[in-house]
Each structure stands twice: as C-alpha cells, then as structure tokens.
Protein chains: 2
Amino acid sequence: MNSQTNATEQARQWLASFDEILTSGEPERAADLFEQNGYWRDLVAMTWNLKTLEGRQAIRHMIHQTAPHIQPGNWQLSEPATEQDGVVEAWLTFETRDARGKGHLRLRDGQAWTLLTTMQELKDFPEKRKFRRPKGAQHGASKTRQTWLEARQQEERELGYSQQPYCVIIGGGQGGIGLAARLRQLDVPTIVVERNPTPGDSWRNRYKSLCLHDPVWYDHMPYLPFPDHWPVFAPKDKIGDWLEMYTKVMELNYWSSTECLGARYDEQNGEWAVEVIRDGQPVTLRPKQLVLATGMSGIPNIPDIPGMDSFEGEQHHSSRHPGAEAYRGKKCVVLGANNSAHDICAALWENDADVTMIQRSPTHIIKSDTLMERVLGGLYSEEAVANGMTTEKADLTFASIPFRIMPEFHIPVYQQVAEQDADFYQRLRDAGFMLDFGDDGSGLFMKYLRRGSGYYIDVGASELVAQGEIKLKSRTSIARINPRSVTLTDGSELPADLIVYATGFGSMNGWAARIISQDVADKVGKCWGMGSDTTKDPGPWEGELRNMWKPTQQDALWFHGGNLHQSRHYSLYLALQLKARQEGLDTPVYGLQEVHHLA
Amino acid sequence: MNSQTNATEQARQWLASFDEILTSGEPERAADLFEQNGYWRDLVAMTWNLKTLEGRQAIRHMIHQTAPHIQPGNWQLSEPATEQDGVVEAWLTFETRDARGKGHLRLRDGQAWTLLTTMQELKDFPEKRKFRRPKGAQHGASKTRQTWLEARQQEERELGYSQQPYCVIIGGGQGGIGLAARLRQLDVPTIVVERNPTPGDSWRNRYKSLCLHDPVWYDHMPYLPFPDHWPVFAPKDKIGDWLEMYTKVMELNYWSSTECLGARYDEQNGEWAVEVIRDGQPVTLRPKQLVLATGMSGIPNIPDIPGMDSFEGEQHHSSRHPGAEAYRGKKCVVLGANNSAHDICAALWENDADVTMIQRSPTHIIKSDTLMERVLGGLYSEEAVANGMTTEKADLTFASIPFRIMPEFHIPVYQQVAEQDADFYQRLRDAGFMLDFGDDGSGLFMKYLRRGSGYYIDVGASELVAQGEIKLKSRTSIARINPRSVTLTDGSELPADLIVYATGFGSMNGWAARIISQDVADKVGKCWGMGSDTTKDPGPWEGELRNMWKPTQQDALWFHGGNLHQSRHYSLYLALQLKARQEGLDTPVYGLQEVHHLA
C-alpha cells in the first residue's frame, strides 16, 4: 500500500467512525476521535457561528448542543488524501439537515488534529449557477412578458420605496460589493448605501501611487475572477474600474451618492429604520438585517496634540491625504510608520517634498517579493494555479489552520524571511528604524489578524528610509504643534508645511456608535482581534475575529470587512447566515461571543 | 496494449514521421502521410492565411511553397490520443520559425484524414498573461513615476491625434470589441470607431424582447468568460452591459459617438486616411491597417417595391425596428420568414398587434432546445464543461472539421432532429409554412456558413405560426404597396399600418463600397460563403469563408465579424496576422483567394 492509498484509507476510516458516532445516540463521543488538544473550526455549518472549538471537552460540548438538530452526516472524502511528515490531510464533503458543506481534516496517528467544516450552500436555496443557471430567454410567447431590462428597472424603481430590502449594507467598497453580489445570487433583496458617486471611488479617491499590496491571486472577487493578464499588484484606479463594472454586471442595487444619517433597531418588529439621504432626498429604509461594511479599519484615529488648532499649514489624517503632487518643495511631517505612512512618504519624496517620518513604536516590515515567495506563494501565485490550486481551495486551506496554532506555522517562515533579507533589515536598523516581527515573531498576517496594524509591506519606501531620503525620527512623537513647525518629545523641532496623521483607525464598532448609538456600539464591543493578549489585542482568547461576519450581541447587526481575500471568503458565510434568516430557517447560534472590550 | 495506448502510439509515430519529413530536403513528401483525399486546414500557422488544402496534391504544393521559410517542427502530442470507430484523434502542439501552434489530427488506418494547424502565439511577442502578466505596481521609488491612470489618460489624449494607431476597427459591436481586446493584449495600438454613444448599444438598440439565440457556452468573449450564473440565453440589454464593462476593463480605445465618413488607402505610404467625426469634430486617422467589423450581415437589403413612397403607415428594415410596443392594435405586415421576422412577429403578437408574416421561400427551423441537445451540446453546454471541455478546445474541435466534409457530419444529426420534432414540423407544414433543412439536409450551421440566412432558431414564434396566431402568407410576396395596404403577388390585399422588411443584408463588402469606394469593394469581392454552389452560395468552391479574418485582394483591408463564437475564435488569428505585420515579420500569404463574385 503506497502512502497515498494508506492516507486515504486512514481518512476514510476516520470519517466512517465520525459519521457513525455523530448519528448515534451519543454523538458527543465523536470528540474522542480528536486529539486531546485537537481543534474543530466551524464556519456556520454546525454552530450558525464562526467558532473554533479547542480540545476534546469544547468539541464534546459543541456536538452535544448542536448535533441533534443540525444532523450532520454523509461525510465523504472528495479526493484522495495525502500524507506528509506524519500528518494525513484530507478534503471532505458533508451534509447537515439544511445545508451542504465542505471540510478539511488533519490526522496524526489516526486522531484528528484539526477539522474544518464550512457551510457551502443551503439545500433548499442553492445559487442558480452552472446547471441551475437561469435560462434568460423565456421561450414561448406570452402577452404579459416582462423583459430583463423592464424587471431590472422596476426593481430599481421600487426597492427601498414601495418594496423594502431584506438587507441593507452600509458601505460600498469591495466588501459591501462582494457581499451584495452573493446576496443577489441568493435572491436576498439588498441595497448597498455608499456616499461616493461611483462604485470604486473608495479606491480612486486614495493617493495616486497606491497599488494593491496583495497579489492578484489573493484578491479575486466572488464569481468573477480577474482575467489572466490582470497585474500582480493592481493600481487603485484599475481596481476602481473593476468594482464599477462588477457592480453593474452583478446587478447590484447600489445607492451611490447616498449618505447614511443613522439607524435604529425596532426590537418589537425586528426591523431597522435606516435614514439615508439619496441624491438630496431623505429616504427611510426598513430592512430586517443591517450590515456595516464601512471598512474594517473603522473611524480614523486623529491624535489630540497641543497646538493643533494653531497650525498654519495643512494637516489631515492619512485617509484624507489627497496625493503628493500639491506638496512639491514643502516640508512634510508624517506621524506614523506603518503602511500608509510609508506609501505617503514615498510619494511625497517622489514629488520632491522634504519628508520626515516619525516612528513612535516598532514596525514589522516585509519586502513584497519575499512575502510572495515565502508566505503567500504556496496558495496564491501563478505557480500554485499551474499546480491546480483553485482560489476556493486556497481559501479553505488557509481557513483550516486554527488561529491558536497559526503562529507555529508562521514563526519558522518569518525566521527564514529575517535571514534571507538580513542585510535589508540591518540597513533599516542602522538608519534608526525600530523593527519587529510581532510579539512572538509570527510576522505580518498574525499582526494583521490581531490588531490590523503595525506593519508595512515594502514596495520601495524602506530603501528611501534606509538611505535617509525619507528622514526618520524614531523613538519619539509630536509633543506640540506650532504655527509652522512641530516640537517632538525629544525636544527637537521640525519645520512643517504639512502634517499627515498616519495614526490608524479605531475599532469598527465606532461606526456603530456613529450610525446607531453608543449603547449599541458598547453592547457589541470591539471588532477584530482574537484576544491573543499581544500588543493591541487584549485577551481573553476568543479564537476567532471578534464580531466579524457572525452574529453579534445586537440582533440583526453584522460587521463585514477585511482585505480582498477575507471579504471574498467570509462573505459566503455571512451571506448564508442572512439567507437562512430570510427564509425562516432555524439558526440557533452556538457560543455567541461575549463582550470584553468596548473598543 | 489498450485502445488509448495504441491510439497514442499511432499518433506519435505519425507525428514523428511528419516531423522528420518536414525537416528533410523534400518536405513536400509529408503529403504522402495523408489519405489521397485528406485535408489540412491551416489557420495562419503555415500559410499566413486561413486555408484548407484538399487532397495530397494541394497539400504537397502548400508544403513545398511554405515549409522552407515557415520551418514547422517540434510536433508533440499534448495529451493521450483516443480512438473511436476506427478514427484516431489527437491533440498536438508544434512550432514554426516565428510562432507556436496547436493542432488536431484524425488518422484512419495510419494516414491523416484531417489535420488542423493553428497559430497560437508569436514567439517574440507573447501576450502578457499568467506567468507573464504585468507587475502593476512599480516597486521602488522614482521621481518620474507615471501611474497607470496617468499613462491611460495620456494614451487616450494622444492616440489618434499626436500618435497614430497601427490599426483602426470600424464598428464597435462584439466583433470589434473582441478583436480590439486581443490587439490590446498584443500591444497593437488600436482605435475602435463606433457611431453609438455607449459600447453595447448595438444590442440595446434592437427590439426589446431579443435574447441571444445561441447559448452562453458558445458566446464567451476572449479573456473574460461569463460567470457561472450567466443566463443560457442572455437578454440583449444584459449583453449590452457586459460589452460596456468589457470595453472599460480591457482598456480599449473606443471612440463612441464617432462616425466614419470615409477611408482611402495610400498605396505609396502603405497607410489609410480614415475620416471620422468624433463628438462633432473632424479627425483624420492614419492607421496602417483597417478592419471592417461592421456586422457580418453588411448593409440592409431593402426591396424596391412599387408604391413604397405612397405608403401612409410606417415602414422600416428589421434592423431599424424599434420594438413592438408602439404597434398595439395595429395591422402589421412582416416581409420575410427568417430569424428577425419570427422574433418581430412574436413580439408584435405579444403586444396585441394583428400580424401577418409573408414567406417568400423555404426556411429552416430548429427548436432551440433541440439545437442545444442534438447539435451544440457535445461541445458547448454545462455537461461539456463538467466533462472537462474548455472553450478553446471546443472551438478547435469545431475548427478541425474541414468545410468540405462538414455536411457529412451534420446531415445525420438533422435527420434525427427531423424525426425527433416530426410533429412540430408537421404542424408548421399544415399551417402552410415552407420548411427546408438546407439544399442537402445539412441544417442550420451550414446554412449560416453558406449564406448567413434562411433559418430561424425557434424560441416560441413557430408555435404562433402553427396556431395561426401569427397569420401566414406563404409562396407569395408583396407586389405593390398602397397607402394603407399591400397587394400580394397572389392578388390578395392586406391592410397595413406597419411594414417591416425582414429581408436580410447584403454582403459585407457593401460596407467597403460605402466607406472606401466601389472599386475597392469590387476588388475585394463578396464576403462570406464558401462557394458550395448551393442557394445563395455560388461556386467555385473556396473551402473557407470568403474574405473573413484573412488577407483580401486589398492590401491592409480586413473583414471581421460573425456570431460570438466566430468573433471569439477567429479574432485570435486576425490579431496575430496584424501583430506580425506591425512587427515587420515576414508574412508571405499562401493561396490568396481570388474574386469570383462582386457581392
């Protein structure tokens, strides 16, 4: 028996036992098929939640609570299993009472180390794709025929006025657009509210040299992948155009030039009242579900620095930075040393401004090429595609690693990164730059998941810092702002025509405070972070991102966001949760997260 | 040795012999590896032409003339061969001096029955796709950086004014758009000239119930296939939106609201002067190559009927028909009984008009579902996709059958069709409808290739004809038009508020006459048709469609068009021919077609 046959047989036997026990009178005994410290990560399929169960006891509890009504079964390998370094990996499919799912299993010595289960479609409400695609033409003749265009125009005319959407999404960036596309395919009437005039403007409005920092294979939108000639790192305006056309061909009800004034939830009727101004006219939308897709980054953090009001130059948050062209020859101070700070400093330098970056705390830096080569390439690259890796499989592979043990996977990779680019890092240190690789050396992605900040994917600015072309003041901050200068905490003074606050963003629930109420924001609590008890990610351990893509403590309020990869992948699970509620399916949430931090 | 191994071995041996002889001192001896009446269809790879060589002698002549400079070699199977009913089929790759190609081979008793060779890319000018895709971001910092948007805007500003395009395409429907996309990927500066204001308007402007009559799998555009939820038969406005977004995301230089006044060729300078009015301003474009993509159907045929001028109702050609809504309760006469006539009659009936169809000659009718099931399904269907059939492979399979023997493949299929739908056809005959299956019973596609007319893909109108809901006058025509009626050749009179001339289109070279000159139109001769000596396709036998996608008797003048399938597939070969000329490659045309018919 060769290794693959053996691996497949092991996986098949495990699944058979798992299936048998889950359908027995004591399904919770299936927990014994896991390692003592094994993991079961479930995306909606068992828990109607995003939940990682850690250890047999937690798994046993979850099964006990869910299996009787979820009724998981028909566990099948979807392809031959593989084995490497004593770990058997297998792809699988399964069903529950209401849904079909896909999953991934890692076995060690015949016991499950990790199990991922994901809901993929609701049995009674499958998407109309491939064999189920609509016919389009209504063959035959009919005197009451309505054309596609007439139906679409009628919907645009009525939805939000004489017909209420089931769901309103505030925010029409890539997150809101991708989710709305999924809801459209699931026949969930949805309106996206966006204050910019054209889809894609959230990208177009940013500084002109911006390109995606993640590569194309990682960035596909749902349903409509970028074509083969799409740039590896797409320029912002090209992404803007793509989102604009995507919104149109996916037939989204996208209310542009529309501002959301506020929303309140009527607990009695289970309905939101969302007040918007559309093209100058007030409209009240009454959806059953409200999704905030206002950017995972939340509301800009603008520091309160003595003397700000006295400044005679220009000052703005990085998110409002109009691009570098206007600052040729000017003295520019950028407070912060993460992604936006680096991008803005480099663009200012390119436009012959005099630029100083003020670094208050260490930053993780990784060269873009190294990130591709060492970190993303296995799942998201042209090589991966050539080896048969699909976007779906890459996403599920990524999702299959529980957050608790993800650092173990990343730490050795970043040790290699540090070694490979040792010269580069040394030159940055020599320039005075404070570097880190995260509290535990686990690098970029863990930092992103834990705090959504603290890093720069280097596409060229670091070289300018190392060479002193971008001037650096590190281990300091701005103590006071004067009419034409800033005074640093080390007592030195920098002349300034422009101050950019590249000081990051608050938690997404700041949007709930602004749009709904502080009470609701507090009830929901902090978004993002996993409770890793590392810098800016306080515990206790949650094991999943707080409040993202899953039920919150506020009925019918959801948060959606993240990078293009996350928006693509998690929008599926959020869309299925919304569809199930629209159809009145029973959706008992297992293990609703508790609130430990207000923001 | 099982059948596949045996087939593969046969194909490999044949290719090895072929390769050896082609690179010997007497390459034309390779013709002896073909059956006496074997076929070699070449799309650009050997001949810089679209050419089918029929029989050993023709093949020998072609090889003798081309092999020494084309230098074909490195013939390889690209996957295991298959065998069915004594025919071995194999997919292959090869190279020439300047290009890489793909091909398809059918062997019978060890000799080639059919060989298809197609050019796929120029070695020195490959498209920048997949591993060659652009990086997008220019990593590193530079004080002379130009963003993607700036470069794109500069191009839009300069091309056609301070910079001349290499190629101008007249006509921005799906044909012009698809070709322009290919030329963009090949870095051939191109402008598409289109009189409508928005890409897709050529579809939007047609009658409102129009849907594609071909199914989605057959209709993909190059590079950007329709997503999985796209309707089987897409409504016209949805296709319009798709073309609009396609034009934008493929970054085409699309001059909408631009009218072409005329073009003349300067033989001395090898340059066209194309006079256009763009947004009201005259502009002279000076491209090296001119492509007419004005619709394969050419200029509308409007019959000259006594009394036309006296008609007090409305009369127009089917291509100008605005839709049925305005004719509720009106008496409508539609002259013609092909696709447009049926669609327009059905829409008029749906709008409670009183409709009479006048059928002058027999029409081939095939039910849309039967067409899918019996004819297209093997290559273009969800089942085919599920079985691993790609669009490219389907197109090449289709292309692998020489036109001379294509009827043999189709006749038995249409015999099954006639049998399967016998009741349907009988009811049509009972209603007086004149039916045919083409002169030789080879059905729809042969009729399309031979004459581009004479058929209706039934999506419902035939039932209305059979039931008498659409009134039918067959074996007659309009003899005279009166102020409020028409008099038929059988002497009967029909009251009429509307007359629609669904009387088809002239040859595409009518556009050359209108845009360039009658001399050039005559020099080029009739477009379309293969010289099959069947109705409306006079001989002599040409073996390829006249003038389409290949060199014409007029230097630097090209015709592009056809249905979505043809536009997609043949735009590749036309684009490669244009690119090779732009780069100054040697492109000796073998067997330039002669002109036998002026229109």
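Determine the calculated [θ] at 222 nm for chain A from helices alone, applying -39500 (n - 2.57) to every DSSP H run no shorter than 4 residues and normalising by the residue count; nearest 500 deg cm²/dmol.
On the way: 17 runs with 178 residues, N = 599.
Calculated at 222 nm, the ellipticity per residue is -9000 deg cm²/dmol.
Legend: distances between Cα atoms for B:Lys550/B:Lys579; A:Lys536/B:Lys135; A:Lys367/A:Lys526; pairs beyond 22 Å are A:Lys536/B:Lys135; A:Lys367/A:Lys526. For region B:52-209, just say rounded, prolate or oblate: build the C-alpha gyration tensor, square-root its eigenvalues into a ≥ b ≥ c, call rounded for a/c under 1.5, and beyond that prolate if a/b exceeds b/c, oblate if not. In terms of gyration-tensor shape, prolate. Using alpha-carbon positions, what is the distance between the centroids of region B:557-592 and region A:74-126, in Å? Using only Cα atoms, the two centres lie 49 Å from each other. For the protein assembly as shown, DSSP calls about 55 percent of its internal beta bridges antiparallel. Assuming a ≥ b ≥ c are the square roots of the Cα gyration tensor eigenvalues, decide whether region A:490-542 counts as rounded (a/c under 1.5), prolate (otherwise, with a/b larger than b/c) or oblate. Oblate, since a/c reaches 1.5 and b/c is not below a/b.
With a cut-off of 12 Å on the backbone N, the residues of region B:479-501 near the modelled label site 7 Å out from B:Ser310 along Cα-Cβ are B:480-487. The amide H of B:Gly136, built 1.01 Å from its N in the peptide plane, has A:Val232, A:Phe233 as neighbours under 5 Å, considering only residues 5 or more places off or on other chains. In this structure the amide hydrogen of A:Lys367, modeled in the peptide plane, comes within under 5 Å of the amide hydrogens of A:Asp458, none closer than 5 places in sequence on its chain. Local charge for B:Gln359 was computed over the other residues whose Cβ lies under 10 Å away, with Lys and Arg +1 and Asp and Glu -1, and equals +3.
What's the longest piece of chain A with no exposed chymotrypsin sites (Phe, Trp or Tyr not before Pro), counting a site as exposed if DSSP puts it in a loop and it has at most 15 other beta carbons within 10 Å?
Details: sites that count: A:Tyr161, A:Trp541.
Within chain A, the longest run free of exposed chymotrypsin sites (Phe, Trp or Tyr not before Pro) spans A:162-540.
How long are the semi-axes of the equivalent ellipsoid of the protein assembly as shown, taking √(5λ) for every eigenvalue λ of the Cα gyration tensor, in whole Å from largest down?
Values: eigenvalues 624, 251, 246 Å².
Those come to 56, 35, 35 Å.
In this rough spin-label picture, where each label sits 7 Å from Cα along the Cβ direction, the B:Asp522-A:Thr23 distance is 8.2 nm.
In percent, how large is the relative contact order of region B:516-599, given Cα pairs closer than 8 Å and 6 or more residues apart? Let's see the in-between values first.
Details: 100 pairs, mean separation 27.9, N = 84.
Normalised by residue count, the contact order of region B:516-599 is 33 percent.
Within region B:430-501, report the GluC sites (Glu not before Pro) that DSSP leaves as loop and that have at most 16 other Cβ atoms within 10 Å. Display every interim value, and only then the final one.
On the way: sites: B:Glu463, B:Glu469, B:Glu493; in loops: B:Glu469.
For GluC sites (Glu not before Pro) across region B:430-501 that sit outside H, G, I, E and B with at most 16 neighbouring Cβ atoms in 10 Å, the list reads B:Glu469.
A simple rule links phi to the HN-Hα coupling: the Karplus curve 6.51 cos²θ - 1.76 cosθ + 1.60 with θ = phi - 60°, which for region B:432-442 gives x, 6, 8, 10, 8, 10, x, 4, 10, x, 8 Hz, with x for Gly and Pro.
Can you tell me the FRET efficiency between B:Asp369 and A:Glu469 if r is taken as the Cβ-Cβ distance and R0 is 56 Å, rounded to the nearest 0.05?
Details: r = 68 Å, r/R0 = 1.22.
Once the sixth-power term is evaluated, E becomes 0.25.
For chain B, the relative contact order comes to 16 percent (Cα pairs under 8 Å, sequence separation of at least 6). Think of the protein assembly as shown as having a plus end and a minus end, set by charges on the Cβ of Lys, Arg, Asp and Glu; of B:Met119, B:Thr5, B:Thr363, B:Thr363 sits farthest toward the positive end of this dipole.
Extending 7 Å from Cα along the Cβ direction at A:Ser361 and again at A:Arg132 yields two label points whose distance is 4.6 nm. Listed cross-link partners A:Lys123/A:Lys523; A:Lys102/A:Lys523; A:Lys236/B:Lys128 are compared with a 22 Å cut-off, the Cα-Cα value being larger for A:Lys123/A:Lys523; A:Lys102/A:Lys523. Rounded to the nearest whole Hz, the Karplus-based 3J(HN,Hα) values (6.51 cos²θ - 1.76 cosθ + 1.60, θ = phi - 60°) of region A:81-98 follow the sequence 7, 10, 9, 8, 6, x, 10, 8, 10, 9, 9, 9, 10, 7, 10, 10, 4, 9, with x at glycine and proline.
For region B:471-477, putting each phi into the Karplus relation 6.51 cos²θ - 1.76 cosθ + 1.60 with θ = phi - 60° gives couplings of 6, 10, 10, 10, 6, 8, 8 Hz, in residue order, rounded to whole numbers and with x for Gly and Pro. Restricting region A:256-286 to GluC sites (Glu not before Pro) that sit in a DSSP loop and have at most 13 other Cβ atoms within 10 Å of their own Cβ leaves A:Glu267. The modelled label-to-label distance between A:Leu77 and B:Asp279, using points 7 Å beyond Cα along the C-beta direction, is 6.3 nm. Annotation: for a label point projected 7 angstrom from Cα along Cα→Cβ of B:Val385, residues of region B:203-221 with backbone N closer than 19 Å are B:212-221. Looking at the square roots a ≥ b ≥ c of the eigenvalues of the Cα gyration tensor of region A:26-68, which shape do they give, rounded for a/c under 1.5, prolate if a/b is larger than b/c, or oblate? The shape class here is oblate. Skipping prolines and chain starts, which residues have an amide H placed within reach, meaning under 5 Å, of the one on A:Leu598, given they are 5 or more residues away or on another chain? The answer is A:Lys526.
FYI, it's all coordinate maths here, none of it is from the lab. Computed from a prediction, not measured in an experiment: that's the story for all the values here. Reconstructed Cβ throughout: ideal geometry from the backbone, glycine too, with neighbour counts over all protein chains shown.
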